[in-house]
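Since the structure comes first, as structure tokens, the remarks are kept for the end.
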């Protein structure tokens, strides 16, 4: 019997790059964002906030990252009662608002990315642009 579980996590360097990319992408779109990167256990690895961004987007970005990391799915997929019950049942630790994405590399789950500051659609578009940029920068296996 094995007495431990090994987990993987996004590196700080990649997390910091994702934060930088998100703030740049938001600026290009005229959106002042907050960005959170968490590991699979929802531990914060990196955070950044564009100058002048809304204070509430700090927590929203973290909740989006937490949800994507723990569910391994982009936020916004839940419907009906579950979408309401999830935040209530987790004391607002998790959310269904679009803008959260799981982070993966070579089919390995590494954490979550959360973008907040624009509309949910803008946040999701910025997040997808960040994931695309990270994929293009990733070394080949």
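Bear in mind that the values in this text are calculations on the coordinates, not laboratory data. Quick caveat: nothing in here was measured; it's all calculated off a predicted structure. A quick note on method: Cβ atoms are made from the backbone with ideal geometry, for glycine too, and the neighbour counts reach across all protein chains shown.
Quick notes on this structure:
- Each of 23, 115, 37 was scored by other Cβ atoms within 10 Å of its Cβ. Arranged with the fewest first, they read 23, 37, 115.
- Part-to-part distance (alpha-carbon centres) for region 3-38 and region 96-141, which is given in Å: 8
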